[in-house]
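Asks: This is the structure, below, for whatever I ask next.
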Amino acid sequence: MQRIFAEKALTADGWQSDITITVNTDGMIDSISKTRTAQAERVGILLPAPGNLHSHAFQRAMAGMTEHKSPDPHDNFWTWREMMYRFLDHLTPEDVESITAFAQMEMLEAGYAAVGEFHYLHHQPDGQSYADIAEIAKRIIAAAGNTGIGLTMLPVYYERGGCDNRPLTGGQRRFGNELESFARLVDGIGKYSGYRAADSVTGIAPHSLRAVSADSLQQLAQMLPRAPLHMHIAEQIAEVEEVRAVYGARPVEWLLANQAVDARWCLIHCTHMTAHETKALARSRAIAGLCPVTEANLGDGIFNGTGFVESGGQFGIGSDSNIRISLSEELRQLEYSQRLRDHARAVLARHNMSCGRLLFEEAAHGSAQALGRNSGMIEIGRIADLLALDVNSVALAGCEGDEILDSYIFAGDDSLVTDVWSAGRHVVRENRHIEHEKITANYRRTMTDLRSKL
Ligand SMILES: [Zn+2]
């Protein structure tokens with residue numbers, strides 16, 4: 001049993017002072033009380049640690065490689081994707097494990113306790129599967145075993161190059177499966193002996209309406225009937241147009257009309273929706289998986305956060321391309337994108353809730369639902385996903401209640417995060433992951449070697 005004493009904590013009942021939380025050996029919150037005990041780990045400000053609901057870990061290694069002008073006069077998402085495919089020609093399973101461990105370490109140090117890994121890099125560069133079809137999936141699971149991050153593994157189904165059923169080419173060949181081989185992959189993940197943490201979850205991720213046919217989508221939705229279902233949707237205008245040309249409806253519109261979209265679903269991006277789609281998605285209880293830093297980096301567009309929140313929609317945050325891994329920056333970027341578009345301030349604040357409080361609690365609750373994880377609140381019986389902020393930081397001087405979250409997100413950054421527990425695993429202490437040096441040295445070797453091959 002661990003004991004954590006917090007000077008201030010944001011619990012399911014609101015802000016409390018001087019409380020002790022006990023965490024049992026299963027990584028669950030066992031009690032919350034006003035008692036003080038000498039044996040407790042002492043922290044300043046304790047918060048429920050959100051999960052990162054959308055990551056492609058290997059893309060961390062490409063960060064900074066695509067910021068120059070390409071020969072294409074209109075450099076955009078699609079030229080970035082070409083670069084990503086070329087990069088894939090060089091990645092080995094060992095590289096993926098090293099990069100993933102580094103990205104997960106950064107996620108933990110940023111305050112995320114868990115990650116949904118939207119995993120589509122399955123095969124060798126020529127498209128042949130490895131001797132074990134789950135080889136790379138197991139590398140990701142092994143990395144999570146080393147970093148201690150809570151893992152929701154989301155194996156991705158990818159079967160075609162576009163809505164017109166064109167075949168996969170080039171770098172895409174590493175992603176492809178048929179339903180039969182995909183079932184073997186999912187089975188291999190579930191049976192992997194390294195995948196034993198009690199808080200591990202396996203979901204299913206049909207890549208997108210571009211990459212998955214309507215018939216396959218129907219079968220994938222039934223494959224693990226209660227598990228999380230994640231899908232990219234409406235990130236790019238060209239994608240919306242491609243879907244509309246073939247399906248006669250916009251992506252979100254079509255999906256809501258043709259699938260029983262409910263709380264199991266997490267729709268990644270949802271950048272381009274009409275007002276009607278925005279309201280309908282909010283009513284569905286699906287989570288909108290927003291990735292504000294990546295969406296800005298790729299020039300995707302601006303999500304209709306105001307309309308979605310006003311309609312009662314729930315969202316969570318993902319680091320997606322991992323161009324930069326920062327929880328506070330994702331939340332700030334989301335709010336600032338709305339302000340820049342609307343020429344307004346405090347756009348996502350509600351009458352009884354500041355911007356910081358709304359952003360932070362949505363991220364915590366939305367990611368818990370999307371990752372199939374009983375976390376997101378400091379409450380007895382929940383998974384102990386916790387983060388502590390430095391109460392002595394000058395950014396938080398004199399702050400009380402929701403001002404703590406506003407100052408952390410808008411005036412501070414991730415350097416305020418002193419400690420993180422993932423399902424009770426105390427892996428970040430004094431601002432650093434407990435294996436920081438080793439994981440970083442390994443990643444440095446991997447990157448030096450990879451860059452020499454490009
Ligand atoms: Zn993505």
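The values are calculated or read from the model by the stated rules, or taken from the named source; none is laboratory data. Computed from a predicted structure; not experimentally measured. Cβ: placed from backbone, ideal geometry, glycine included. Neighbour counts: every protein chain shown. Heads up: the accessible areas ignore ligands, DNA and RNA and are worked out on the full protein's heavy atoms, side chains in. Shrake-Rupley method; radii C 1.70, N 1.55, O 1.52, S 1.80 Å.
Asks: Any idea which residue in the range 116-138 is nearest to the chain's Cα centre (by Cα), counting only those that are part of a loop (DSSP other than H, G, I, E, B) and within 16 Å of the ligand (Cβ to nearest atom)?
Replies: The first filter runs over the range 116-138 and keeps only residues part of a loop (DSSP other than H, G, I, E, B), leaving 120-134.
From the residues that got through so far, the ones that are within 16 Å of the ligand (Cβ to nearest atom) too are 120-122.
Values: 120: 15, 121: 17, 122: 19 Å.
Residue satisfying both the conditions and the ranking: 120.
Asks: Would you check which residues across the range 297-337 are of a type in the set (Val, Ile, Thr), within 15 Å of the ligand (Cβ to nearest atom) and under 17 Å from residue 366 (Cα atoms) and list them?
Replies: Step one: of the range 297-337, the residues of a type in the set (Val, Ile, Thr) are 302, 306, 309, 317, 323, 325.
From what's left, within 15 Å of the ligand (Cβ to nearest atom): 317, 323, 325.
Selection gives 317 alone.
Asks: Still on this structure: Any residue in the range 206-214 that is at pLDDT 95 or above and over 24 Å from the mean Cα position of the chain (by Cα)?
Replies: Of the residues in the range 206-214, the ones at pLDDT 95 or above are 206-214.
Keeping just the survivors that are over 24 Å from the mean Cα position of the chain (by Cα) gives 213-214.
Yes, that holds for at least one residue.
Asks: Here is a follow-up. Run down 378, 409 and say which single residue is hydrophobic (A, V, I, L, M, F, W, C), at pLDDT 95 or above and under 19 Å from residue 27 (Cβ atoms). Talk me through it step by step, then tell me what you get.
Replies: Details: 409 fails: under 19 Å from residue 27 (Cβ atoms).
Going through 378, 409 in turn, just one is hydrophobic (A, V, I, L, M, F, W, C), at pLDDT 95 or above and under 19 Å from residue 27 (Cβ atoms): 378.
Asks: Another question about this same structure. Considering 340, 256, 281, 290, which residue is within 15 Å of the ligand (Cβ to nearest atom) and among the aliphatic types (A, V, I, L, M)?
Replies: Residue meeting the stated conditions: 290.
Asks: Across the range 111-155, which residue is most open to solvent (accessible area, probe 1.4 Å) among those that are more than 18 Å from residue 229 (Cα to Cα) and among the acidic types (Asp, Glu)?
Replies: So, considering only residues that are more than 18 Å from residue 229 (Cα to Cα) and among the acidic types (Asp, Glu), the one most open to solvent (accessible area, probe 1.4 Å) is 126.
Asks: Then there's this: For the range 370-390, which positions are touching a Leu at 6+ places or on another chain (Cβ under 9 Å) and over 25 Å from residue 5 (Cα atoms)?
Replies: 370, 371
Asks: Something else now. Starting from the range 227-248, keep only residues that are under 14 Å from residue 271 (Cβ atoms) and of a type in the set (Val, Ile, Thr), then list their pairs with residues that are open to solvent by less than 20 Å² (accessible area, probe 1.4 Å) and away from the ligand (no atom under 15 Å from the Cβ) whose Cβ atoms are within a distance under 7 Å, requiring at least 6 positions of separation or different chains.
Replies: Hits for this filter: 233/252; 233/255; 243/163.
Asks: So which of 145, 171 ends up being modelled with pLDDT under 95 and either among the hydroxyl-bearing types (Ser, Thr, Tyr) or in a helix (DSSP H, G or I) (or both)?
Replies: Values: 145 fails: modelled with pLDDT under 95.
Being modelled with pLDDT under 95 and either among the hydroxyl-bearing types (Ser, Thr, Tyr) or in a helix (DSSP H, G or I) (or both) holds for just one of 145, 171, which is 171.
Asks: Checking residue 60 against (1) out of contact with any helix residue (DSSP H, G or I) (no Cβ under 6 Å at 6 or more places or on another chain); (2) within 30 Å of residue 434 (Cβ to Cβ); (3) open to solvent by 20 Å² or more (accessible area, probe 1.4 Å), only one condition comes out false. Which one?
Replies: Tallying (1) out of contact with any helix residue (DSSP H, G or I) (no Cβ under 6 Å at 6 or more places or on another chain); (2) within 30 Å of residue 434 (Cβ to Cβ); (3) open to solvent by 20 Å² or more (accessible area, probe 1.4 Å), residue 60 fails exactly one: (1).
Asks: I'm trying to understand the selection: among the residues of the range 164-175, which are touching a residue at least 24 places away in the same chain (Cβ under 8 Å) and more than 9 Å from residue 211 (Cβ to Cβ)? It would help to see each step written out before you state the result.
Replies: Here is the first cut: in the range 164-175, the residues touching a residue at least 24 places away in the same chain (Cβ under 8 Å) are 164-165, 168, 170-175.
Matches in the range 164-175: 164, 165, 170, 171, 173, 174.
Asks: Quickly run through the range 17-41 and pick out the residues that are open to solvent by 50 Å² or more (accessible area, probe 1.4 Å) and over 16 Å from residue 384 (Cα atoms).
Replies: Answer for the range 17-41, where residues must be open to solvent by 50 Å² or more (accessible area, probe 1.4 Å) and over 16 Å from residue 384 (Cα atoms): 17, 18, 34, 35, 36, 38, 39.
Asks: While we're looking at this one, here's another question. Return yes when residue 244 is of a type in the set (Lys, Arg) and either closer than 23 Å to residue 152 by Cβ or under 23 Å from the mean Cα position of the chain (by Cα) (or both) and no when it is not. Spell out the reasoning first.
Replies: Details: of a type in the set (Lys, Arg): yes; either closer than 23 Å to residue 152 by Cβ or under 23 Å from the mean Cα position of the chain (by Cα) (or both): no.
So residue 244 does not fit the description; no.
Asks: Tell me whether the range 72-79 contains one or more residues that are in contact (Cβ under 8 Å) with a residue 40 or more places away in the chain and open to solvent by less than 40 Å² (accessible area, probe 1.4 Å).
Replies: Step one: filter the range 72-79 for residues in contact (Cβ under 8 Å) with a residue 40 or more places away in the chain, giving 76-78.
Right, trim to open to solvent by less than 40 Å² (accessible area, probe 1.4 Å) and you get 77.
Looking for residues that are in contact (Cβ under 8 Å) with a residue 40 or more places away in the chain and open to solvent by less than 40 Å² (accessible area, probe 1.4 Å), one finds at least one in the range 72-79, hence yes.
Asks: Still on this structure: Consider residue 371 carefully, then state whether it is touching a residue at least 24 places away in the same chain (Cβ under 8 Å), within 16 Å of the ligand (Cβ to nearest atom) and under 11 Å from the mean Cα position of the chain (by Cα). First the steps, then the outcome.
Replies: Values: touching a residue at least 24 places away in the same chain (Cβ under 8 Å): yes; within 16 Å of the ligand (Cβ to nearest atom): yes; under 11 Å from the mean Cα position of the chain (by Cα): yes.
Here the answer is yes, as residue 371 does meet what is asked.
Asks: Do you know which residues across the range 259-275 are of a type outside the set (S, T, N, Q), more than 14 Å from the ligand (Cβ to nearest atom) and closer than 26 Å to residue 336 by Cβ? Show your work before the answer.
Replies: In the first step, residues of the range 259-275 are kept if they are of a type outside the set (S, T, N, Q); the result is 260-270, 272-273, 275.
Within this subset, residues satisfying the condition of being more than 14 Å from the ligand (Cβ to nearest atom) are 260-265, 272-273, 275.
Of everything in the range 259-275, those that are of a type outside the set (S, T, N, Q), more than 14 Å from the ligand (Cβ to nearest atom) and closer than 26 Å to residue 336 by Cβ turn out to be 272, 273, 275.
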